[in-house]
Amino acid sequence: MKLTRKMVLSRAKASELHSVRKLNCWGSRLTDISICREMPSLEVITLSVNSVSTLEPMSRCRQLSELYLRGNRICSLAELLYLKDLPRLRVLWLAENPCCGPDPHLYRMTVLRVLPHLHTLDNQTVTEEELSRALMEGEDITAPGREGTGNGRPELSYTQSTVNATAETQGDLLSFGEEEASSSVQGQRCLKPPGRDQFPSFSQREAVNSHKNRNNVLAAILLLLQDLDTEGLEAVHQTVVSRLQALHKQELQDME
């Protein structure tokens, strides 16, 4: 799904794109955020739990200070090069993306080597010691020339030959904040799948996925409630009451 002008103005309660400073698009099934190029005043944006695969549009947001991208489809850490020239970027949440790989330490060191001006990465404060170690332990990332991939995007200067671990998280619904509302999302869409013996049984996967889908739906609903006025909340309340009555009636019938 493409992030449109109408969606942006509605969620940000703004009249023009150039005046948008904060935008929350958590869990909106977005794949295309190219319209962000038209928001030069953007300071905080939440894009967690979507299907975004490139950060190129964010390179135009020179005022950006906080970027939340947990649970998307960023497959390469080379996408970070699009953020390198954003002078005010201090907070980045990139966890649960395929680019995180199987080695959390290497991932964190590489991100901090590319973006040493960060104060917080994946909800953890960046220390001076980490920044020093990142210079030695982080991987070097370079953008390809004309002989690169041909799609105009940067690419890692190294290749991971074996990736056989999944980054599926387990936690229940996490707390909401003004900045970032997130839930567990499987983030290995672009990595080499693990062997058959590493997969849980079908019934286990079905139960886990059902639990996570419920949490995702609940999280999205709670987040959207924050934008409703009195009239909207009343409509939601009536719908919830009707639904509860129907479920209660069904339970009584099942007991008979």
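The values are calculated or read from the model by the stated rules, or taken from the named source; none is laboratory data. Here the structure is a predicted model, which means the values were calculated and not measured. Because the Cβ atoms are built from the backbone with ideal geometry, glycine has one as well, and the counts that use them run over all protein chains shown. Areas reflect the complete protein model, heavy atoms only, side chains present, ligands, DNA and RNA absent. Shrake-Rupley method; radii C 1.70, N 1.55, O 1.52, S 1.80 Å.
Values computed for the structure shown
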{"item": "Residue that is among the β-branched types (V, I, T) and in a helix (DSSP H, G or I), where the choices are T110, T54", "result": "T110"}
{"item": "Residue among Y107, Y68, Y82 that is of a type in the set (S, T, Y), open to solvent by 30 Å² or more (accessible area, probe 1.4 Å) and under 30 Å from E129 (Cα atoms)", "result": "Y82"}
{"item": "Check on T46, over 16 Å from the mean Cα position of the chain (by Cα) and under 20 Å from L224 (Cα atoms)", "result": "no"}
{"item": "Any hit, region 44-60, residues being touching a Leu at 6+ places or on another chain (Cβ under 8 Å) and basic (K, R)", "result": "no"}
{"item": "Pick from region 41-65, criterion of a type in the set (A, V, I, L, M) and over 19 Å from L118 (Cα atoms), ranking: surrounded by the most Cβ atoms within 10 Å (Cβ to Cβ)", "result": "V49"}
